[in-house]
Amino acid sequence: MNVVPRLLTVICLVATCSACTSGAFGDASLATGGVSGGAAPGASQMPSPTEIAYAGQTARMIFRSKDVERSAGFATIDTDGYGLCLRAPGKGPALLVFSQRLMDDAVSQVDDASEIRRRPADTIPCQGGGVAWIRA
């Protein structure tokens with residue numbers, strides 16, 4: 001089995017995810033704020049191509065699966081930021097929270113302040129039938 005392609009993917013993902021570089025991805029301790037359910041913001045608040053790519057890479061890494069989905073739009077959360085729901089078959093959902101919108105083509109580690117929330121209380125906007133899911 002050739003592990004070089006997988007290792008390269010992990011290196012690229014770690015370089016783009018501050019939660020990963022801290023060694024805390026998937027850790028419930030990342031969840032610090034509450035969330036409330038509700039509809040995602042309007043079409044003007046749709047994720048940028050960079051946010052979409054970031055969410056897809058993050059979902060594939062935290063769920064260790066290629067078969068992942070993300071919410072079509074941002075979830076409503078109680079804290080400052082923009083949340084995208086992530087999920088994979090047989091796994092609980094995750095909420096990826098960007099502290100600011102990612103509009104550039106690349107995300108530097110210095111500017112990356114995203115959080116991955118996994119606690120059931122923090123992923124309430126991602127649960128239930130009100131989320132429009134698309135392949136990540």
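Read the figures in this text as sums done on the coordinates, not as results from a lab. Being a predicted model, the structure only gives us computed values, none of them experimental.
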How large is ³J(HN,Hα) for each residue in region 64-74, as worked out from phi by the Karplus curve 6.51 cos²θ - 1.76 cosθ + 1.60 (θ = phi - 60°), to whole Hz, x for Gly and Pro?
-> 6, 8, 8, 8, 10, 10, 10, 5, 5, x, 6
Anisotropy class of region 53-136 from Cα gyration tensor, a/c 1.5 cut = oblate
